[in-house]
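Below is one structure, written out as structure tokens, with a few remarks after it.
Read-outs throughout are calculated quantities, based only on the coordinates presented, and are distinct from any laboratory measurement. On a predicted model such as this, the values are computed, not experimentally measured, just so you know. Glycine also receives a Cβ, built like all others from the backbone with ideal geometry; neighbour counts cover every protein chain displayed.
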Amino acid sequence: MPTLPWTVPNSPPAGAEAHVSASRFVTRTLWGALRSLVRTPAVRRQADRAPGACGATLRAQPLRRTSWTLSAGESAAALKEFARSGAHRPTSRALADRMRDVRCATWQASAGALPMSWEEATRRLT
């Protein structure tokens, strides 16, 4: 699966700070990776409509059983609300026992730095 393009549901005001979240998920099996990909469209639609969302993208390498997410919001609360609601919540719960390794990182960046690069996300996840 190719990297999904960065979507911008809500443009943050110029000069504002954005809250950024990156994650890397490695599943135990190829089946787990494929189950994750099947749920991706619903989570993507949620991200496109989420209040306070400033952008999101996903990169997946299912044959390596690895996926990365990168998202930004107007506040830490907006990111938490996204993760705890809609399609994201049941997806993360359903896949939790299929994960071998999960890494997450959060940080703040200027809105002008969005979209955040995969290189920056990878650096923060290591």
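General remarks:
- Rounded FRET efficiency, nearest 0.05, which uses the C-beta distance separating GLU17 from ARG123 and R0 of 25 Å: 0.80
- Between ASP48 and LEU30, the contour length at 0.36 nm per residue exceeds the alpha carbon distance by 3.7 nm.
- Going by neighbour counts of Cβ atoms within 10 Å, the residues LEU30, LEU114 line up, fewest first, as LEU30, LEU114.
- Per-residue 3J(HN,Hα) values for region 16-23, derived from phi via the Karplus relation 6.51 cos²θ - 1.76 cosθ + 1.60 with θ = phi - 60°, read 6, 9, 10, 9, 10, 10, 10, 9 Hz in sequence order (x marks Gly and Pro).
- Rounded tilt (10° steps) of 30-49 against the dominant C-alpha axis of the chain: 20 degrees
- Charge tally in the Cβ shell below 13 Å around ALA78, where Lys, Arg are +1 and Asp, Glu are -1, ALA78 excluded: 0
- From most to least packed by mean Cβ count within 10 Å, the peptides 3-12, 47-56 give 47-56, 3-12.
- Once both labels are positioned 7 Å from their Cα atoms along Cα-to-Cβ, the gap between GLN108 and ALA77 label points is 1.5 nm.
- Whole-Hz couplings from phi, Karplus 6.51/-1.76/1.60, listed for region 87-92; x for Gly and Pro: 5, 5, 4, x, 5, 5
- Listed residues ARG98, ARG59, ARG45, most fluctuating in the chain (Gaussian network, C-alpha, under 10 Å): ARG45
- Prolate/oblate/rounded call for region 1-61, Cα gyration tensor, a/c under 1.5 rounded: prolate
- Across the chain, C-alpha contacts under 8 Å between residues 6 or more apart give a mean separation that, scaled by the residue count, equals a relative contact order of 40 percent.
- Exposure proxy for SER36, SER71, SER85: other Cβ atoms within 10 Å of each Cβ, ordered fewest to most, give SER85, SER36, SER71.
- Using just its DSSP H runs of length 4 or more, each adding -39500 (n - 2.57), the chain gives a mean residue ellipticity at 222 nm of -10500 deg cm²/dmol after division by all residues.
- Tensor-based shape of region 66-126 (alpha-carbon gyration tensor, a/c under 1.5 rounded, otherwise prolate or oblate): oblate
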